[in-house]
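The next block holds one structure in the form of structure tokens; read it before the comments.
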Amino acid sequence: MNAIIDRRSLLRAGGAMLVAFNLGLRPRDAAAWAEKPVATDEVGAFLSIDAEGGATVFVGKVDLGTGVRTGFMQIAAEELDLPLGRIRVVEGDTALTPDQGATYGSLSIQNGGVQLRAAAATARRELLRQAAERLGADAARLRIEEGVVIAPDGRRATFAELVGGRAFTLKVDANAPIKPPEARRIVGQAVPRVDIPDKVFGRFHYVHDFRLLGMLHGRPVRPPTLGATVEAVDEASIRGIPGVVRVVHQGAFLGVVAETEWAAIRAARELKVRWSNWAGLPEQAKLWEHVRATPVAQVQVTSDRGNAAQAIQGAAKRLSASYDFAIHTHGSMGPSCAVAEFKDGRLTSWSASQATHNLRKQLAMMLGLPVEQVRCIYMEGAGCYGRNGHEDAAADAALLARAVGRPVRVQWMRADEHGWDPKGPPHLVDLRAGLDAEGNVVGWESEAFIPKGAGGNVDLTAAELGGLPRENQLNPGNIIHNLAVPYAFPAVKTVCHRLETTPFRPSWIRTPGRMQNSFANEAFLDELAAEAGADPLEFRLRTLPRDDPRGREVLERVARLAKWQTRPSPQRVREGEILRGRGVTFVKYELVRTYLAGVAEVEVNRRTGAIRVTRFFCTHDCGQIINPGGVRSQIEGNIIHTLSRTLKEELTFDRGAVTSLDWGSYQVITFPEVPEIAIELIDRPTERPWGAGEPAAAIVPSAVSNAVFDATGVRLRSVPFTPAKLRAALQGV
């Protein structure tokens with residue numbers, strides 16, 4: 001795994017992708033550092049046919065461990081009628097792949113895959129046209145089998161003969177005909193992921209395994225508190241460590257570079273630095289008071305129908321509640337890593353960034369380089385669940401490499417990852433609603449208190465500490481989504497108070513905002529159902545819009561899957577130390593796409609406060625399914641990861657810095673705690689595909705809260721649902 005790889009070898013390993021595009025073997029526009037077309041309206045940006053008739057697919061979206069690489073291969077293989085074994089994928093290389101936006105928001109297949117499919121369909125049509133000319137046949141009567149175009153009389157023309165080694169010089173036609181469902185042989189099938197065998201047998205090369213000739217090793221030296229500045233550095237304190245090359249100091253950014261990784265680790269630990277004092281974080285025990293007291297930068301109304309305040313005021317019954325969701329770290333299992341090299345005035349960065357095209361611009365800004373002189377190449381890391389530390393490690397490596405004039409590899413440590421990756425910000429929602437005498441919702445209001453910003457770039461830590469150019473904006477993700485509700489309430493108003501600041505540098509974590517807002521909405525809706533004496537599932541069905549049958553279908557199907565017994569919550573009989581309950585929830589993701597319903601079954605130990613989710617049921621409608629095996633894996637991963645976040649995960653901090661710097665202080669779910677998971681997929685082959693990477697996470701916290709309420713009569717409104725919180729709630733019953 002530590003084999004030395006030079007750039008030429010890396011490009012060869014990427015799939016023989018360069019020579020096929022431009023005769024003369026030179027980049028079309030060297031100044032722009034583009035080895036081939038990369039514009040999203042060109043077929044050549046997305047695929048090429050090599051001299052053997054195989055296809056290389058180029059995608060700007062990247063596989064973060066979710067399996068979308070296999071999905072992209074299926075899409076291309078289907079439209080081109082090629083075997084999967086003859087499809088190669090290059091992803092996230094700014095010199096080779098189109099900019100399809102960052103890999104987030106469950107948009108890889110929904111947007112990136114649809115773009116690829118249009119390019120492949122356009123290419124297929126062109127191949128048929130060229131074959132028709134070559135064979136003197138009607139294109140409509142030709143068929144393709146495994147990269148060979150066949151005429152009715154048996155004459156043949158291979159892809160290699162038609163276009164192999166030459167570029168597709170035509171525009172993508174978004175309306176090029178794609179295969180109808182009945183003709184598909186690969187899309188819709190549970191194809192095994194192509195990356196799993198190498199990962200299982202230890203052959204897969206992660207970015208952590210990447211090496212360059214002459215490469216040095218670097219480590220950042222972070223301040224002891226988030227806002228501390230450097231007052232003095234004693235470089236002599238590490239002169240006795242063999243192999244130390246340099247201490248790099250820029251503002252509050254400090255790093256060490258050494259010949260070996262162990263020397264870099266020692267130097268980072270032993271370098272004596274005098275830092276200023278800083279204690280600018282709020283008290284953790286008063287976090288939600290701090291959130292409410294934070295100045296509001298913007299008030300954003302996300303839905304407004306009827307006069308909700310008046311309807312609630314005149315209601316027969318009125319309810320209100322507040323829900324909060326803790327600060328989370330990404331907790332990637334492998335700390336972030338990146339390699340940077342300056343050569344001939346250009347920077348090449350290898351990292352597991354989920355947004356290489358954006359990172360390219362950020363690195364160029366930080367370093368004062370033209371963006372054309374920066375190339376970012378994706379290599380798979382340890383997963384990220386959102387924007388974690390990969391981009392920051394890339395920035396560290398770039399600064400250190402520039403300082404020493406040799407390639408530098410930066411490998412974060414666990415404390416770097418937990419202490420300095422950007423965080424999912426605290427999320428607070430107040431809700432109010434009114435019921436009429438028949439138990440119908442007549443008015444609904446909610447107010448979320450969340451940081452300003454959206455889903456742009458997260459500032460690089462190295463740039464921030466070093467006082468270098470950066471965007472200087474908050475970007476927590478599009479966390480306003482799903483505060484508005486999918487139900488047909490006669491009067492509703494949902495408002496986001498966008499706060500001027502937030503305690504930690506924010507970024508998105510899987511299902512940002514959608515999870516927190518859905519948690520508050522669906523648990524509060526359960527409170528209304530209980531007040532109305534209604535079955536929680538029936539209560540949802542009767543409030544769904546009549547013109548949206550897909551929402552009704554996922555609820556009805558999850559009821560059958562979970563063998564739901566119709567009755568109000570909570571259970572009337574609650575005896576013994578172990579109490580059992582079930583809770584239902586529903587989400588229409590962002591109110592415009594993927595539909596889900598979930599049922600959680602729990603066991604609650606009323607003495608210890610421990611909550612165990614024993615079974616979780618999910619029905620999932622993401623439109624057309626490319627790979628049902630991949631979708632199931634995504635859903636399972638969402639459920640398990642979010643159970644971890646719901647039951648255990650919470651960042652801890654003092655007035656200066658993060659204190660949950662290891663797996664003992666930031667606990668995650670363990671294998672014995674994983675529940676039985678049952679999934680029912682609803683495939684709609686004639687519809688467009690929607691995302692499956694995030695939506696299932698949105699149903700988990702509310703389903704568990706509703707199940708705990710069903711078991712105990714106690715409502716948990718604060719994530720994580722720790723034993724201490726449940727014991728305290730039970731004492732108040």
Practice prompt. Look at I238 and say whether it is under 30 Å from T659 (Cα atoms), hydrophobic (A, V, I, L, M, F, W, C) and free of Cβ contacts under 8 Å to residues at least 40 places away in the same chain.
Written response: yes
Fill in: Hits in the stretch 184-209 (condition: free of Cβ contacts under 8 Å to residues at least 60 places away in the same chain and part of a loop (DSSP other than H, G, I, E, B))
F201, R203
Worksheet item: Take the residues of the stretch 530-545 that are touching a Phe, Trp or Tyr at 6+ places or on another chain (Cβ under 8 Å) and without any contact (Cβ under 8 Å) to a residue 60 or more places away in the chain: which is farthest from A600 (Cα to Cα)?
Response: P545
Discussion item. Restricting to the stretch 78-99, count the residues that are small (G, A, S) and either under 25 Å from S332 (Cβ atoms) or buried (at least 24 other Cβ atoms within 10 Å of the Cβ) (or both).
Written reply: 1
Worksheet item: Of (1) surrounded by 15 or more Cβ atoms within 10 Å (Cβ to Cβ); (2) touching a residue at least 40 places away in the same chain (Cβ under 8 Å); (3) of a type outside the set (F, W, Y); (4) not in a helix (DSSP H, G or I), R360 satisfies all except one. Which?
Response: (4)
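Here is a yes/no grid of residues against (1) outside the structural domain of Q634 (by TED's automatic domain parsing); (2) in a helix (DSSP H, G or I); (3) at positive phi; (4) buried (at least 24 other Cβ atoms within 10 Å of the Cβ):
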| residue | (1), (2), (3), (4) |
| --- | --- |
| G383 | yes, no, yes, no |
| N388 | yes, no, no, yes |
| E391 | yes, yes, no, yes |
| A395 | yes, yes, no, yes |
| L399 | yes, yes, no, yes |
| A403 | yes, yes, no, no |
| R406 | yes, no, no, no |
| R409 | yes, no, no, yes |
| L428 | yes, no, no, no |
Discussion item. One residue is enough: does the stretch 458-479 have a residue meeting the conditions in contact with a Phe, Trp or Tyr (Cβ under 9 Å, 6 or more places away or on another chain), in a strand (DSSP E or B) and either of a type outside the set (K, R) or surrounded by fewer than 21 Cβ atoms within 10 Å (Cβ to Cβ) (or both)?
Written reply: no
Worksheet item: Could you give every pair whose Cβ atoms fall below 9 Å, whose first residue belongs to the stretch 631-654 and is touching a residue at least 40 places away in the same chain (Cβ under 8 Å), and whose second residue is of a type in the set (F, W, Y) and assigned to a helix (DSSP H, G or I), counting only separations of at least 6 or pairs across chains?
Response: T646/F519
Discussion item. Take the conditions hydrophobic (A, V, I, L, M, F, W, C), more than 16 Å from E676 (Cβ to Cβ) and surrounded by fewer than 20 Cβ atoms within 10 Å (Cβ to Cβ) and apply them to L661. Does it pass?
Written reply: yes
Fill in: Residue check for G240: small (G, A, S), buried (at least 16 other Cβ atoms within 10 Å of the Cβ) and either under 30 Å from the mean Cα position of the chain (by Cα) or not in a strand (DSSP E or B) (or both)
no
Discussion item. Suppose we keep only residues that are part of a helix (DSSP H, G or I) and in contact with a strand residue (DSSP E or B) (Cβ under 7 Å, 6 or more places away or on another chain) within the stretch 639-671. Which one would you say is nearest to T66 (Cα to Cα)?
Written reply: I639
Worksheet item: touching a Lys or Arg at 6+ places or on another chain (Cβ under 9 Å), over 18 Å from V592 (Cα atoms) and among the aromatic types (F, W, Y) - does that describe any residue in the stretch 498-510?
Response: yes
Response to the item:
Of the residues in the stretch 672-694 that are assigned to a loop (DSSP other than H, G, I, E, B) and more than 22 Å from the chain's Cα centre (by Cα), the one that is farthest from I640 (Cα to Cα) is T686
Discussion item. Take the conditions more than 21 Å from P192 (Cα to Cα), among the β-branched types (V, I, T), part of a strand (DSSP E or B) and at pLDDT 95 or above and apply them to V89. Does it pass?
Written reply: no
Worksheet entry | Number of positions in the stretch 140-183 that are without any contact (Cβ under 8 Å) to a residue 12 or more places away in the chain and either under 16 Å from L47 (Cβ atoms) or of a type in the set (G, A, S) (or both) | 3
Practice prompt. Determine which single condition Q354 fails, assuming it passes every other condition in (1) surrounded by fewer than 23 Cβ atoms within 10 Å (Cβ to Cβ); (2) modelled with pLDDT of 95 or more; (3) in a loop (DSSP other than H, G, I, E, B).
Written response: (1)
Worksheet, complete the sentence: (1) within 30 Å of W275 (Cα to Cα); (2) touching a helix residue (DSSP H, G or I) at 6+ places or on another chain (Cβ under 9 Å) all hold for L162 apart from (1)
Fill in: Residues (over 23 Å from G581 (Cα atoms), touching a residue at least 60 places away in the same chain (Cβ under 8 Å) and of a type outside the set (D, E)) located in the stretch 548-570
R550, G551
Item to complete: Return the total of residues in the stretch 118-163 being part of a helix (DSSP H, G or I), surrounded by fewer than 21 Cβ atoms within 10 Å (Cβ to Cβ) and among the hydroxyl-bearing types (S, T, Y).
Response: 0
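The values are calculated or read from the model by the stated rules, or taken from the named source; none is laboratory data. Everything quoted here is computed from the prediction, not taken from an experiment. FYI the Cβ positions are ideal-geometry reconstructions off the backbone, even for glycines, and counts take in every protein chain you see.
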